[in-house]
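Enquirer: This is the structure I want to talk about, given as structure tokens.
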There are 2 protein chains.
Amino acid sequence: MLTLYHFPLSPYSRKVRLSLAEKRIECQLVEERYWERDPDFLRRNPAGKVPVLKVDGVFMAESAAICEWIEEVYPDPPLMPTTPAERAEVRRLVSWFDDKFHKEVTSNLLFERVNKKLMKQGYPESKNIKAGAQKIKFHLDYMAWLLDHRRWLAGNVMTLADFAAAAHLSSLDYISDVDWNRSENVKDWYAKIKSRPAFRSILADVVAGFPPPAHYADLDF
Amino acid sequence: MLTLYHFPLSPYSRKVRLSLAEKRIECQLVEERYWERDPDFLRRNPAGKVPVLKVDGVFMAESAAICEWIEEVYPDPPLMPTTPAERAEVRRLVSWFDDKFHKEVTSNLLFERVNKKLMKQGYPESKNIKAGAQKIKFHLDYMAWLLDHRRWLAGNVMTLADFAAAAHLSSLDYISDVDWNRSENVKDWYAKIKSRPAFRSILADVVAGFPPPAHYADLDF
């Protein structure tokens, strides 16, 4: 049995949870308040971040490494295409969301509105929230452009790139920071992902002190 | 023939250059002043970053994706071990350097001292330089701890993790920001990497306005 140390609204944890669930891999979830820097947790991952996956007593860190490991050990159903060039495109987009989108959008919105309060690190900075709200428009438009040319973000099959994007967007949707009316095809794409059985546990997440809006778990949003 | 759009001191470009050179893959290098956001370059990579690899007319972005592609298409000599668990450890460390080390060290030192001047983004912030100089000690100690237990950073064979680390450290060594006297085994490790043929082009790099110190290219530093 695998154990995943995670935090409900962490997009990196969500990406791993979606991969595990899509492949129907049983996994025990342990919520970790990673910012409290518990010494036991730091021994599991000296970087002090979630997610961390425990496999046969060994701890594995960094969501990119964990998702590649899952794909290698549990290849079915695949979340990576078969040719090296297609795989490069999936990995490019995973980095796009986990690096660029995170820096420009997620950290400006989710961190300011939720993490700062949880971590007792002061009040939201309105300058950052404004920047995140501005930048997400550019990213939604980029996704819309991709989805004009492809059925899924990285090509014609659903891949880890879709889960990486959905992990960030679902965390932001929890705090009502996604304008689903901006683009028809991004909304359609999210509706398809949201209705997958793998998404159920994500939609059931609740963080104390931050109740989700009604549309969050609604498949007809 | 491959073409790599890169910038000499970019650690992400260096990681890719080291992988290509170690595998003796011929590749044309094109220096890209990516911060000038040339429209042609943005078409190659909308994220506006180096490195970008051109393969048969197709552009590939994000160093993690490029390195995995290289490994899949040119598996010899391998820069990844064979078991999924060992591969996860390599990828964990690549993310450690490209994410955590970059944020805490490289961006505080290299960005402040070099990129800001090149990009005409103002003067170095001494608070950031101080933070970077402090944090690099922790990272060198972590590397020393790993190398107490292993021949190379991720295990007993040289991998992409070593190249990721050497890419960051060599860029910082170019601006004399690495204290090689802090740990004997980190110095020994770097001496081994530095003397590889794959490292030659890195040691020959020169950025106009920033001449490297004498020890930078010296194998007996």
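The values are calculated or read from the model by the stated rules, or taken from the named source; none is laboratory data. Predicted model only: the values in this text are computed from it and were never measured. Every residue, glycine as well, gets a Cβ built from its backbone with ideal geometry; the counts of neighbours run over all protein chains shown.
Enquirer: Tell me which residues, restricted to region A:167-182, are without any contact (Cβ under 8 Å) to a residue 60 or more places away in the chain and among the aromatic types (Phe, Trp, Tyr). Outline the logic, then answer.
Expert: Initial filter on region A:167-182 (without any contact (Cβ under 8 Å) to a residue 60 or more places away in the chain): A:169, A:173, A:176, A:178-182.
Correct list: A:180 only.
Enquirer: If you don't mind, another one. Can you find a residue that is in contact with a Leu (Cβ under 6 Å, 6 or more places away or on another chain) and in contact (Cβ under 8 Å) with a residue 60 or more places away in the chain anywhere in region A:183-202?
Expert: For region A:183-202, residues in contact with a Leu (Cβ under 6 Å, 6 or more places away or on another chain) and in contact (Cβ under 8 Å) with a residue 60 or more places away in the chain: present.
Enquirer: Collect the residues in region B:11-21 that are of a type outside the set (Gly, Ala, Ser) and under 21 Å from residue B:172 (Cβ atoms), keeping them in residue-number order. Outline the logic, then answer.
Expert: To start, the set of residues in region B:11-21 that are of a type outside the set (Gly, Ala, Ser) comprises B:11-12, B:14-18, B:20.
Hits for region B:11-21 are B:11, B:12, B:14, B:15, B:16, B:17, B:18.
Enquirer: While we're here: Taking residue B:74 as the residue in question, decide whether it is without any contact (Cβ under 8 Å) to a residue 12 or more places away in the chain and at negative phi. I'd like the intermediate steps shown before the answer.
Expert: Values: without any contact (Cβ under 8 Å) to a residue 12 or more places away in the chain: no; at negative phi: yes.
Answer is no for this residue.
Enquirer: Shifting gears a bit: If we only count strands (runs of 3 or more DSSP E) wholly inside region A:16-134, which ones have 1 or more residues that are within 14 Å of chain B (Cβ to nearest Cβ) and either surrounded by 18 or more Cβ atoms within 10 Å (Cβ to Cβ) or at pLDDT 95 or above (or both)? If you could, list the steps in order and put the result at the bottom.
Expert: On the way: elements: A:27-31, A:52-55, A:58-61.
Output list reads A:52-55, A:58-61.
Enquirer: When region A:49-69 is examined, which residues are found to be closer than 17 Å to residue B:64 by Cα and free of Cβ contacts under 8 Å to residues at least 60 places away in the same chain?
Expert: Kept after step one, since they are closer than 17 Å to residue B:64 by Cα, are these residues of region A:49-69: A:61-69.
Passing the criteria: A:61, A:62, A:63, A:64, A:65, A:66, A:68, A:69.
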